[in-house]
């Protein structure tokens, strides 16, 4: 428990954010190198940290894939791929698409569903059978070809957020994005200013804004050592695996901190 608190305390250190990032040349960091999973760590429910069960996360032909071709059924094997460095103030941009059929026995809500998890607890503090890290999720969704279904919504496993001045405790809030049907590539960008303002952007349009991500609610381990109401100023970034095949051809980050951390 003590080591958990120490790790989480480190992950909550606030770095000040620059207010005018556009005045300097933008230096994007390629979190995905296009070749392998170097810099990333897998955590799949029911398996120890670092075990890439059934080769769920893989790189093929320059694409980072969430794949279920080695699964007979999903069996609630929720997975997360954590980047090695925690960040506080940054932009993260991904190009993603959903492909193929959902894994057998995957939950209906996870159809064409993935996410960018941010301000995550350290991956080494996750319990073996924990579904999701305590974090905030920029939820990536694809359409079914018929119904309207926005993407870059916000979901809150073990957390709450604030809209205007109101604390929101419901698990997910939809964005204003259009629906993207089929296996189309979508550009999603998340702009994070520590524990302050958060923006969700889809193909260049801002579709959701909120603030003050914080620990809260019951969707976290029963003995989670960080009190409800604690603002989340920093944390790890993770991509999800929730039973539907997903591809990422770009994952890049622009650090907005005034103090750059060494990797």
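With the radius of gyration and the Kirkwood radius both derived from the Cα set of the range 82-227, what is their ratio Rg to Rh?
Values: Rg = 15.3 Å, Rh = 16.0 Å.
Using Cα coordinates only, the ratio equals 0.95.
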### Task
Quote the Stokes-Einstein diffusion coefficient, in whole µm² s⁻¹, for the range 177-218, based on the Kirkwood radius over alpha carbon pairs, a temperature of 20 °C and a viscosity of 1.002 mPa s.
179 µm²/s
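How high is the relative contact order of the range 146-191, in percent, counting Cα pairs under 8 Å that sit 6 or more residues apart? Can you show the working numbers first?
Values: 47 pairs, mean separation 20.2, N = 46.
Worked out over the range 146-191, it gives 44 percent.
Nearest 500 deg cm²/dmol is fine: what mean residue ellipticity at 222 nm does the chain get from its DSSP H runs of n ≥ 4 alone, each adding -39,500 (n - 2.57), divided by its residue count? Before the final figure, lay out the partial values.
Values: 1 runs with 10 residues, N = 263.
Computed ellipticity for the chain at 222 nm equals -1000 deg cm²/dmol.
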#### Entry: Cα Rg, Dmax, the range 53-106, angstrom units
13.6, 40
### Query
Taking Cα centroids, how far is the range 121-145 from the range 196-235 in Å?
12 Å
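Read-outs throughout are calculated quantities, based only on the coordinates presented, and are distinct from any laboratory measurement. On a predicted model such as this, the values are computed, not experimentally measured, just so you know.
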